Amino acid sequence: MSAPVVTAVAAYVPPALPLAQWSQIEHTLNATVLTGWARLVYPYWFAAYGRDLPQPSMPLDDTPSASWPAAAAGIAVETGIGFVPVEKNDDLSGLATDVAQTICAARAPEAPRIDVVMFCHSSLNEHVSTTTAGRLRAAIGEPCFPFSIAQQQGASVFTALRLAKDLFVAEPELRVILIVAAEKWCHPFARRIGRWTLQGDAAGAILLERDSPATHSRGLQLLDTAVQPLCRADAPFGLPASLIDTNAIFAPALLALIDALLRRHGRRAGEISAVIAHQVNRPLVEAVSRQLGLPRERHLEDRRAYLGAAESIVRLAETLDMCTLEHGALVLAWGVGLGGYVGCSLLEACGKPAVCLSDASPTGQ
Amino acid sequence: MSARIGLTHTAYYLPERVDDVRSWARRAGHSAACVAQLERVGVRYYRDAAGESVASMAMKAIDALIRSSGLSPNTLDCMIYTHTLQGSVAPPPMSLTRIVCDTFGFVHAEAFSFAQQHCASLLGALRVIRAMFVARPALRRVLLVGADAMPVASERLIEGAGLMSDGACAALIERDSPVNRLIAVRTHASGLAWQGALGQQESHLATQYFLSARQLIATVASDAGLEPTAIQRILPHHLDLPAWHRVLSSLGIARERLFTENFSRIAHVSVSDPIINLTDCHSLLWNEPLLLFAHGVGGFSSAALLLR
């Protein structure tokens, strides 16, 4: 069976705050007393995994007396992150639904119906009993198989792509799969992971269609995807706060996975025309690019916070919006799951997918 | 396309603490009418994790499965973790699937969670697992895990239908399985009631659940080339026992085929009900079809037809 084709991409990034401003807000949030379900449940939940609630957002260990602006400046220097997209109006399921509806609205009336919807995320919806997958089903308004893929954070999208390919093989009648990814971080869940990264809010959706004469020239063919966990000996469950130490664990794992994927398809890094990288922090992106021997211009570079599960789709939308990929151009997407996963995909341009990008965030390019 | 796969081993873990619906209602501030309704739908007792984490419960279920099956951890290709409640995972940015894999030495296993079909998630995941086996010829064994713990007593009530219990389960799914072969799996999602506790439980939804259950069972039987009456055992979710009797009656299936021996004893153990029942039901007949069924609040249902 030939590989499925990405025929449409939609992304939304809310307005971004400068890092120093976000740090002040974070300081205030950490002093906020939890109420309701959160007060009853979250402290015990975190404690069961050996964590205290505010820990990830506390001042950095080595700068306990530093002012918040000074601490923020320190993070900015190390990670290269200077802006944090923060959604103020919608909840997580609302963000996901909006990008899904953007894709649906752009489809032709005679287009085949969406058969499967996968939702990828790291952050939680505002109420524990809601289901974003259910909301997506309701919004699409037609019978489909909706579910979430998670616990791999940013790497979930790569697993979703793998499963999509499996479903196309196993279910011949299946024609269209929608993958939606969204993040919205609410107190008490921390946007900042030690000194390693800082997370922003965003949502993205991609439409995968079975390869056919009608779809082949309209998008990117998904050649292959790989996902794997880090070895525990290298990366214990609690991520180290140090950027250098953590990058030293993720970068070699990413490079090995990318190398294996390229070799499986008889391709070389030099053939890659565009890289859709997870901008977890700038040194990690630079390390991976350097080791692959790829010049900087092959990937987007800015100062926006890391968008977790939504990162790959948002970056893909931005790349397609800014660049023209020639027929046959090879695209590499790579990413990480903060809990200890790495993933990558190879795509080949056979046309240009429909792209709808709504980005209100300054990126500080 | 199909793959010859089946649930070769199953296990579960229920926390030790047993509570009854009357004392629960007193503590949670629910009325005598609520108790009467719960007893009418078949609930008497439930299990309370009493602070034990879902990670601990899931690991105990997996440990029981490894001991009973003799599974070599390094031969596992994939682990899929399912749950109903958003909090039944590790808090971000941690990953429960990675913690479990590292703890048990599942060093070659891909691992992720499949959720948001609420209590239908575990059976819903079978559709994805089947696809993985079809598309990946090298895949040999997948571990399907489910766990949930409701941390707030008053929230255990599933309006009009049952009471949420705590527990975990594990099922090993292998290629070329000689038992419990997966013949067909069907899923249904309406998207109605996606708001969970924030939404209004409307009376017409109960009717829709009845209709979707009936339709799903008929369809999954048809997929297997069977009449519904050919199904020898129905292993139900532990919600609304009278509704189950109505569904079976409407399909012409004898009430005696419904497995209810643990129904009132353990209440609704979220995603784990079908696997607990498959483990507990000792009257399954060799090579006879049996049905696993799950329903999730939010308009999700899943049905799997197995050949014992």
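Please treat every number below as a calculation from the coordinates, not as lab data. Note that this is a predicted model, so its numbers are computed, not measured. Backbone-built Cβ (ideal geometry, glycine too); neighbour counts: all protein chains shown.
Some observations on this one:
- Shielding score for A:155-162, defined as the mean number of other chain Cβ atoms within 10 Å: 2
- Based on the convex hull around the alpha carbon atoms, the stretch B:5-175 presents an average projected area of 10.3 nm².
- Cα gyration tensor, the stretch B:181-307 - rounded (a/c under 1.5), prolate or oblate: prolate
- In the protein assembly as shown, taking the dipole from charged Cβ atoms about the Cα centre, the farthest positive-side position among B:ALA25, B:GLY252, B:GLY196 is held by B:GLY252.
- Of the GluC sites (Glu not before Pro) in the stretch B:1-57, the ones in a loop by DSSP (not H, G, I, E or B) with at most 12 other beta carbons within 10 Å are B:GLU16.
- Simple Cβ-charge dipole of the protein assembly as shown, Lys/Arg +1 and Asp/Glu -1, about Cα centre, in debye nearest 20: 940
- Within 10 Å of the Cβ of each residue in B:112-124, the mean number of Cβ atoms contributed by other protein chains is 6.
- Taken over chain B, the convex hull of the Cα atoms encloses 124 Å³ per residue.
- Pairs of alpha carbons in chain A whose separation is greater than 28 Å (percent): 41
- Take each residue of peptide B:76-89, count the partner chain Cβ atoms within 10 Å of its Cβ, and average: the result is 3.
- Kirkwood-based Rg to Rh ratio, the stretch B:218-260, C-alpha trace: 0.95
- Under conditions of 37 °C and 0.692 mPa s, the stretch A:132-212 yields 224 µm² s⁻¹ as its translational diffusion coefficient, taking Rh as the Kirkwood radius over Cα pairs in the Stokes-Einstein equation.
- Loop-located trypsin sites (Lys or Arg not before Pro) in the stretch A:301-365, at most 14 other Cβ atoms within 10 Å (DSSP): none
- Average projection area in nm² (convex hull over Cα atoms of the stretch A:310-365, one quarter of hull surface): 4.9
- Sorted peptide list for A:113-122, B:120-129, B:226-235, criterion being average Cβ within 10 angstrom, highest first: B:120-129, A:113-122, B:226-235
- Other residues whose C-beta falls under 13 angstrom from the C-beta of B:ASP280 contribute a net charge of 0, scoring Lys and Arg +1 and Asp and Glu -1.
- Peptides A:318-328, B:215-225, A:163-173 ranked from most to least packed by the mean count of surrounding Cβ atoms within 10 Å: A:163-173, B:215-225, A:318-328.
- Placing +1 on the Cβ of every Lys and Arg and -1 on the Cβ of every Asp and Glu, with no other charges, gives the stretch B:181-307 a dipole of roughly 80 debye about its Cα centre.
- Charge tally in the Cβ shell below 9 Å around A:ALA203, where Lys, Arg are +1 and Asp, Glu are -1, A:ALA203 excluded: -4
- Over every Cα atom in the stretch A:65-205, the radius of gyration and the widest Cα-Cα span, Dmax, amount to 17.7, 62 Å.
- Here the peptides A:215-222, A:276-283 are ranked by packing, the mean other Cβ count within 10 Å, and the order with the highest first is A:276-283, A:215-222.
- Dimensions in Å of the stretch A:149-297 - Rg and Dmax from alpha carbons: 17.3, 50
- Between the listed residues B:VAL134, B:ALA153, B:GLN116, the Cα displaced farthest toward the positive end of the dipole of the stretch B:79-154, a dipole computed from Cβ unit charges relative to the Cα centre, is found at B:VAL134.
- C-alpha center-to-center spacing [the stretch B:26-73, the stretch A:95-173] in angstrom: 30
- Our Cα-only numbers for the stretch B:1-77 put the radius of gyration and Dmax at 18.5, 53 Å.
- Considering all C-alpha pairs of the protein assembly as shown, those separated by over 37 Å amount to 34%.
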